[in-house]
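Read through the structure below, which is laid out as structure tokens, and then see the notes.
The values are calculated or read from the model by the stated rules, or taken from the named source; none is laboratory data. It should be emphasised that the depicted structure is a prediction, and the values quoted were computed from it without experimental measurement. Heads up, the Cβs are rebuilt from the backbone with ideal geometry, glycines too, and the neighbour counts pull from every protein chain shown. Keep in mind that these areas ignore ligands, DNA and RNA; they rest on the heavy atoms of the full protein, side chains included. Shrake-Rupley method; radii C 1.70, N 1.55, O 1.52, S 1.80 Å.
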Amino acid sequence: MKKIYVLLAALICGIFPLTGHAYTVLPLQHLFDISRDFLQPTDVAIGKNNFIYILDGVNSRVKVFNAQGTYKFSFGAKGTQKGNFRNPVGIATDSSGRVYVADTGNQRIQIFSSDGDFKSQVLLLPTENNEPRDPVDVAVDNTLKRLYVSDNDNHQLLVYSIPGYKLLSILGSEGLRDSQFHYPFLIAAKNRSVYIVDVLNTRVQIWRDGVPAGSIGGWGVDLGKFYRPKGVCVDASGQVFVSDSVLGVIQAFNSNGDFNAVLGNEKGDILKWETPLGLAIDSHHRLYVVEMLPNRIRVYDILYDKKLEKH
């Protein structure tokens, strides 16, 4: 079965895109890679002083690097005590420099200072049916002062206040409709909107002010579609970037979900990554891409002013 999956993935990656019409390539300039004894890293966030926080999930640690990719320090260890992790998946930062980790196996969100000192935790209570929560990612809306948590197994999005971390609402349920999820995964929040990778519905859902506001993508192997979306981030202009872990591509959409461009090189070739997951963009137009299986993070400049039209 694994061999069949690998062959299918190779076939799909080889034929993307199928489109015969013109499309836009947003070029990247590769800067450097970060590889430091990672074991299936999943997510990345940019924090205070442009420090790079990488969630090294299988190793149950957060590893921290400066803006040049030089290792600075790490925090966390496998366990159940405060400051420990069990199979963490997602990470986020806020405008104050705090670091939030979705401590998946411990059914909690942990909050740290920018230096990695434990500050507090949000324990996620079971569902009404007494099912354990499955927090796989966390995002902060600095405008609304809201903390969002994607609950993968229960197909919901949890909304908490900041500060206080009081549960304000539970959004969504299992299903195919616009207000429903089928295994929500990584998420991003910006300007009163939250973007949720709805994995098995092969889309990214957009919620604004607590109500559904559209979606991005749909199933397919052509431009504007997804086969297995996993990561999402939003730049300063509201452009949404989505990674596809099987197709190996990253695409950009406007804030309403319309396809803008596929990411490529300066020659206009579409770039492919190996199992791309978590994404982040900093204030200097740098894109950070987690490649899970190669155990590395790739860092690029986004060349916004050099978009290329392909025919």
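So, Ala280, is that one among the small types (Gly, Ala, Ser), touching a strand residue (DSSP E or B) at 6+ places or on another chain (Cβ under 8 Å), assigned to a strand (DSSP E or B) and under 23 Å from Asp56 (Cβ atoms) or not? The answer is yes for Ala280. When we screen Phe241, Phe185 for residues that are of a type in the set (A, V, I, L, M, F, W, C), open to solvent by 20 Å² or more (accessible area, probe 1.4 Å), assigned to a strand (DSSP E or B) and modelled with pLDDT of 95 or more, the only hit is Phe185.
With respect to being over 26 Å from Ala261 (Cα atoms), in contact with a helix residue (DSSP H, G or I) (Cβ under 8 Å, 6 or more places away or on another chain) and of a type outside the set (Phe, Trp, Tyr), Pro135 fits the description. From the list Ile270, Ile281, the lone residue that is open to solvent by 20 Å² or more (accessible area, probe 1.4 Å) and touching a Cys at 6+ places or on another chain (Cβ under 8 Å) is Ile281.
Test Gly214 against the criterion of being touching a helix residue (DSSP H, G or I) at 6+ places or on another chain (Cβ under 8 Å) and on the phi > 0 side of the Ramachandran plot, and give yes or no. Taking the combined requirement at face value, the residue does not satisfy it. Only one entry in Lys119, Lys63, Lys72, Lys82 is at pLDDT 95 or above, outside any strand (DSSP E or B) and either within 22 Å of the chain's Cα centre (by Cα) or more than 26 Å from Ala236 (Cα to Cα) (or both), namely Lys82.
Within segment 225-237, which residues are open to solvent by less than 10 Å² (accessible area, probe 1.4 Å) and assigned to a loop (DSSP other than H, G, I, E, B)? Scanning segment 225-237 gives a single hit, Asp235.
One line per residue, one yes/no per condition, for (1) touching a residue at least 40 places away in the same chain (Cβ under 8 Å); (2) touching a Pro at 6+ places or on another chain (Cβ under 8 Å); (3) closer than 20 Å to Asp94 by Cα; (4) among the acidic types (Asp, Glu):
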position	(1), (2), (3), (4)
Asp222	yes, yes, no, yes
Gln251	no, no, no, no
Gly264	yes, yes, no, no
Lys272	yes, no, no, no
Ser283	yes, no, yes, no
Arg286	yes, no, yes, no
Tyr304	yes, no, no, no
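Residues in segment 41-84 that are surrounded by 15 or more Cβ atoms within 10 Å (Cβ to Cβ), among the aromatic types (Phe, Trp, Tyr) and over 17 Å from Asp137 (Cβ atoms): Phe51, Phe65, Phe75. Checked against (1) in a strand (DSSP E or B); (2) buried (at least 21 other Cβ atoms within 10 Å of the Cβ), Ser215 meets all criteria but (2). Looking across segment 85-110 at every residue that is in contact (Cβ under 8 Å) with a residue 40 or more places away in the chain and assigned to a strand (DSSP E or B), the one that is most open to solvent (accessible area, probe 1.4 Å) is identified as Thr93.
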